[in-house]
Every structure is written in structure tokens, then in C-alpha cells.
1. Quick one: order Met1, Met153, Met27 from most to least accessible surface, probe 1.4 Å.
2. Please identify the longest segment of the chain free of exposed trypsin sites (Lys or Arg not before Pro), where exposed means a DSSP state other than H, G, I, E or B and no more than 14 other Cβ atoms within 10 Å.
3. May I ask you to give the percent of accessible area on the range 19-166 that is carbon plus sulfur, with a probe radius of 1.4 Å?
4. Compute the Rg/Rh shape ratio of the chain: radius of gyration over Kirkwood radius, all on alpha-carbon atoms.
5. Using alpha carbons only, how many degrees (0 to 90, rounded to 10) separate the axis of helix 170-187 from the longest principal axis of the chain?
6. Express the relative contact order of the chain as a whole percentage, based on alpha carbon pairs under 8 Å and six or more residues apart in sequence.
7. How much net charge surrounds Ala101 when only the other residues with a Cβ under 13 Å from the Cβ of Ala101 are counted, with Lys and Arg +1 and Asp and Glu -1?
8. Provide the per-residue ³J(HN,Hα) series for the range 6-23, in order, calculated from phi with Karplus coefficients 6.51, -1.76, 1.60 and θ = phi - 60°, each as a whole number of Hz, with x at glycine and proline positions.
Amino acid sequence: MEPVRRKALVDAALRVIGDHGSLAVTMSDIARQAGVSPALAHHYFGSKEQLLIETIRSLLRQLRNDTVAALKAARTPRARLSAVIRVSFHADQFAPETIAAWLAFYAEAQRSEETRRFLVIYARRLRSNLLANLKVLLPDDAAERIAEGAAAMIDGLYIRQSLKSAPIGIEASIALTEDYLNALLATASPSPRREKGRPHRTTKGQMT
């Protein structure tokens, strides 16, 4: 039962953080949401801080797993770029409590070195997944510039979801990011490494 109860507590933490819009929640709040006693929650995680760390680990793990699966299914560098974009705006990531939790963790990162470390891991993975495939299509300097821009656009559009008065839907967010990539790919010189007719394989999207 331990894995089941640990997951139930992590899921409950995500919902409670989403409802509160911050990490200012108690172990009792989380335990109540999970339907267990605070003593049992402390037994599995030791402290609220450890449970919150496991919650952000869970978010990153799910995002990584979804990205790896999407990259494996894509056959070309351009298709893999689209896969990264689509996973970034997956419906699970757009759930209101998930958006609220991510924003709460970003705020906590201003005070917590450990939380900041996890968010840096996320940013590096996103950039690496974009850059690995852009470098097949473009010279390094152009690939790096476009990867930074696309990552910033993905994060910016995601944060806009917290503005409930003016949200941007999943498909609209994907389309805007795809338009950005298409426009820059159309004007940039192709990479000298690009070989016509030969699919490129990369494992950088499978970072752990």
C-alpha cells in the first residue's frame, strides 16, 4: 500500500496547492484531501517540505515521460520539435491545479535553493530537447537563438493560463509556437550537418 498512499498524498498536495494558489498549506490540509491522518502523511514523507519536493518531482517525472514517448514516436527533427511543443501544452499540464502548482513552485524558488534546482532541471530539459533537433536543421548560433525564444514562448504562454480573464487555449498556444518556429526556420540558412533524405536520431530528449 505504500506506493499507493504516497501517490495519493502527492496528488492531494497538488490539488491543495492548486486550491490555495500557494505553498502555504499544512500537512493536515493535504492529509485531509488524501483521506488519511496527518500522522500517516508524516510517516511517509517526514515533513511537509519533503512532500512538496516529491510533488514537484512527480510533475517533472510525468513531463519527462510524456516527452520521451512523444519523441520516440516522431520520425524527423521537425516532427520532434512539434512533439516537444505539444507535450508542453498537454491537457494534463493545463489542468488548473497543475498550473497553480507550477506558479507556486516558481514563487517558492525565490526562497528555496532545492526548488530552484528542480525548475532549472525543467528549463534545461526543455532547451536541450529543442536545441538537439534545431541543430540538425540550422547552424548552431541560429539554433541556440531559436531554442531560447521557443522555450521562452512556451513558458510565457503557459503562465498566461493563470490569467483566468484572458486564457489562451491549448491549440491556440501550440499554433502560436508553431508559427514562431515556422517563420524563423523559413528565413534561416540550413545546417551544414543536415543530410537530405536521412532521418536524424537523437537521445537528448530522453534526459533523466
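The values are calculated or read from the model by the stated rules, or taken from the named source; none is laboratory data. Bear in mind that the values here come from a model prediction, so they are computed numbers and not experimental data. Note: ideal-geometry Cβ built from the backbone for every residue, glycine included; neighbour counts use all protein chains shown. For the accessible areas, the whole protein counts, side chains as well, though only heavy atoms, and no ligand, DNA or RNA atoms are used. Shrake-Rupley method; radii C 1.70, N 1.55, O 1.52, S 1.80 Å.
1. I get Met1, Met153, Met27, largest accessible area first.
2. 1-74
3. Using a 1.4 Å probe with all protein chains present, the range 19-166 comes out at 53 percent carbon and sulfur.
4. Rounded to two decimals, Rg over Rh is 1.04.
5. The two axes meet at around 30 degrees.
6. Numbers: 224 pairs, mean separation 48.9, N = 208.
Relative contact order for the chain comes out at 24 percent.
7. -4
8. Once rounded to whole Hz, the list reads 4, 5, 4, 5, 5, 4, 5, 4, 4, 5, 5, 4, x, 5, 7, x, 7, 8.
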